[in-house]
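All remarks here apply to the structure that follows.
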Amino acid sequence: MTRLLHRALKTPPMAVSAEGITFTDAGGKTYIDACGGAAVSCLGHGHPDVLAAIHRQADQVAYAHTGFFTTEAAEGLGERLVADAPEGISHAYLVSGGSEAVEAALKMARQYFAEKGETQRRHVIARRQSYHGNTLGALAVGGNEWRRAQFRPLLMEAHHIAPCYAYREQRQTESDAEYAVRAAGELEAKIEELGAENVIAFVAEPVVGATAGAVPPVADYFKRIREICDRNGILLILDEVMCGMGRTGTLHACEQEGIAPDLMTIAKGLGGGYQPIGAVLLNEKIHDAFAQGSGFFQHGHTYMGHPMAAAAALAVQEVIARDDLLANVRAMGAYLRERLEDAFGQHANVGDVRGRGLFQAIELVADRETKAPFDPAAKLNKHIKAQAMERGLMVYPMGGTIDGVHGDHVLLAPPFVVGREDVDTIVARLSDAVDAALAEVAA
Ligand SMILES: *Cc1c(COP(=O)(O)O)cnc(C)c1O
């Protein structure tokens with residue numbers, strides 16, 4: 001009996017404690033957190049330094065409405081985020097999660113042009129098989145057909161181009177460089193079709209997360225995207241809610257692409273789950289347009305700039321820097337990849353092992369040669385999740401990898417504190433879970 005509307009209208013196990021990379025449920029069973037929930041828990045659970053910072057902030061100022069006050073915690077986080085941000089970023093706007101960050105970024109982009117008198121601009125372009133959040137604006141921009149379908153009548157207009165998804169879309173005869181040109185070329189064509197003067201922004205995840213499973217771009221794709229945005233005078237919004245804040249081995253995923261966005265959204269790893277928090281990082285030109293124009297950003301939420309959330313996020317980011325955990329992300333990311341290749345590289349039902357840093361995935365196929373996916377009705381991803389949970393392993397499997405309906409993948413995003421033996425256990429349990437799920441589906 002529950003009075004909560006649970007996600008799947010079914011009560012999941014009751015978590016009673018969480019420490020490091022391990023959860024314990026009410027029955028005393030333990031689970032290794034190999035996905036950080038949804039790539040959230042970057043520091044693991046129960047970190048004493050973060051808990052102490054939250055306690056201190058609760059004693060000092062637990063809440064202050066941003067229409068009246070700012071706080072040291074929020075100012076401190078803003079300073080840190082900008083100091084470590086990609087080139088040109090001058091300010092941070094603090095919200096309570098990823099969807100809120102995406103909504104705010106879209107409105108900032110629109111208001112930026114409105115401040116400059118370019119009020120005719122109305123189009124946002126994004127990519128198929130992307131995820132930008134579940135609120136209506138973010139859902140409209142996102143490219144996951146299954147998530148969008150029943151809400152379509154409520155969604156604002158948005159335009160979608162192909163993702164950069166080498167395993168499925170790069171031709172056998174095509175080099176990475178040629179594929180980068182072709183995939184990015186879709187943006188140029190779409191801008192031309194809509195009229196550059198009518199376009200506000202292009203939105204993309206540098207490494208695609210939940211909907212496609214840790215899909216990194218090919219080299220130079222984002223350099224071309226940046227060039228196309230600049231040439232056409234439109235803004236580039238990078239959604240690093242999942243792939244950012246160290247997950248791929250650099251603080252920001254876009255660092256590895258050698259580009260900087262005009263607006264960037266971050267969330268999940270920002271607070272590591274200790275508090276709900278997200279942020280938009282904005283380029284100085286956007287701040288200046290507001291400062292020299294209307295003098296304010298026409299937006300806001302009750303809980304924005306929340307001092308408890310800011311204090312927790314600041315502590316998380318300080319620990320990551322102090323303990324040089326990004327070095328561990330790179331080392332353990334490489335090791336995880338190696339172990340996944342060992343376990344699944346020749347597996348008859350795994351077509352691709354991919355990712356960056358501690359953000360890795362496997363894509364399941366019915367046939368390696370043709371890359372044919374499993375019948376979506378078999379719900380292979382759900383079987384894998386259940387089999388993994390049975391073995392005390394949390395991973396993040398998802399269906400609809402290819403087009404929102406077909407395809408299955410399993411995403412791994414363990415906390416940055418994960419060790420070699422943990423990685424061995426994670427891969428061993430995953431391997432068993434995948435084989436057990438495949439046997440169930442075949443039966
Ligand atoms: C999770 C996610 C969001 C939405 O964040 P919420 O905190 O769930 O609202 C947006 N963009 C990306 C890339 C995400 O992975």
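Is it the case that some residue within the range 366-376 is among the hydrophobic types (A, V, I, L, M, F, W, C), in contact (Cβ under 8 Å) with a residue 12 or more places away in the chain and closer than 19 Å to GLY37 by Cα?
Scanning the range 366-376 turns up no residue that is among the hydrophobic types (A, V, I, L, M, F, W, C), in contact (Cβ under 8 Å) with a residue 12 or more places away in the chain and closer than 19 Å to GLY37 by Cα.
So which residues in the range 205-221 are more than 16 Å from the ligand (Cβ to nearest atom) and β-branched (Val, Ile, Thr), if there are any at all?
Answer for the range 205-221, where residues must be more than 16 Å from the ligand (Cβ to nearest atom) and β-branched (Val, Ile, Thr): just VAL218.
Here are some residues: ARG152, ARG147. Which one is part of a helix (DSSP H, G or I), within 16 Å of the ligand (Cβ to nearest atom) and out of contact with any Asp or Glu (no Cβ under 9 Å at 6 or more places or on another chain)?
Of the residues listed, the single one that is part of a helix (DSSP H, G or I), within 16 Å of the ligand (Cβ to nearest atom) and out of contact with any Asp or Glu (no Cβ under 9 Å at 6 or more places or on another chain) is ARG147.
Filter the range 101-125 for residues that are in contact with a helix residue (DSSP H, G or I) (Cβ under 6 Å, 6 or more places away or on another chain) and under 15 Å from VAL241 (Cα atoms) and give the result.
Residues satisfying the conditions are VAL102, GLU103, LEU106.
Could you check PRO86 against (1) at pLDDT below 95; (2) touching a Pro at 6+ places or on another chain (Cβ under 7 Å) and say which number it fails?
For PRO86, the exception is condition (1).
I'd like to verify a number: residues in the range 251-275 that are under 14 Å from the mean Cα position of the chain (by Cα) and either under 14 Å from ILE89 (Cβ atoms) or more than 14 Å from the ligand (Cβ to nearest atom) (or both), how many?
6
Go through the range 323-346 and count every residue that is in contact with a strand residue (DSSP E or B) (Cβ under 8 Å, 6 or more places away or on another chain) and either of a type in the set (Asp, Glu) or within 22 Å of ARG368 (Cβ to Cβ) (or both).
Here the count works out to 6.
Does PHE202 qualify as being within 16 Å of the ligand (Cβ to nearest atom) and part of a helix (DSSP H, G or I)?
Taking the combined requirement at face value, the residue does not satisfy it.
Just checking, how many residues over the range 164-179 are part of a helix (DSSP H, G or I), in contact (Cβ under 8 Å) with a residue 40 or more places away in the chain and over 11 Å from ASP220 (Cβ atoms)?
Of the residues in that region, 3 qualify.
Give the range 175-224 a look and list any residue that's closer than 25 Å to GLU157 by Cβ, in contact with a Phe, Trp or Tyr (Cβ under 7 Å, 6 or more places away or on another chain) and among the hydrophobic types (A, V, I, L, M, F, W, C), or say none.
ALA183, ALA184, LEU187, ILE200, ALA210, ALA212
Just to be sure before I move on: is THR2 over 29 Å from ASP324 (Cα atoms) and hydroxyl-bearing (Ser, Thr, Tyr) in the structure I sent?
Criteria met by THR2.
Among HIS287, HIS301, which is closer than 30 Å to LEU51 by Cα and either touching a strand residue (DSSP E or B) at 6+ places or on another chain (Cβ under 7 Å) or assigned to a loop (DSSP other than H, G, I, E, B) (or both)?
None of the others qualify; the one that does is HIS301.
Out of the residues in the range 387-398 that are touching a residue at least 40 places away in the same chain (Cβ under 8 Å) and within 23 Å of the chain's Cα centre (by Cα), state the one that is surrounded by the fewest Cβ atoms within 10 Å (Cβ to Cβ).
MET389
Which of the helices (runs of 4 or more DSSP H) contained wholly in the range 42-121 include at least 1 residues that are closer than 23 Å to ALA291 by Cβ?
Hits in the range 42-121: 72-83, 98-115.
Whether any residue in the range 170-191 is within 14 Å of the ligand (Cβ to nearest atom) and within 22 Å of the chain's Cα centre (by Cα) is what I want to check.
So far as the range 170-191 goes, no, none of its residues is within 14 Å of the ligand (Cβ to nearest atom) and within 22 Å of the chain's Cα centre (by Cα).
The rows are residues; the columns are (1) modelled with pLDDT of 95 or more; (2) β-branched (Val, Ile, Thr); (3) over 21 Å from ALA38 (Cα atoms).
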| position | (1), (2), (3) |
| --- | --- |
| VAL199 | yes, yes, yes |
| PHE202 | yes, no, yes |
| PRO217 | yes, no, no |
| PHE222 | yes, no, yes |
| ILE234 | yes, yes, yes |
| ASP239 | yes, no, no |
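The values are calculated or read from the model by the stated rules, or taken from the named source; none is laboratory data. Quick caveat, the model's predicted, so the values are computed rather than measured. Because the Cβ atoms are built from the backbone with ideal geometry, glycine has one as well, and the counts that use them run over all protein chains shown.
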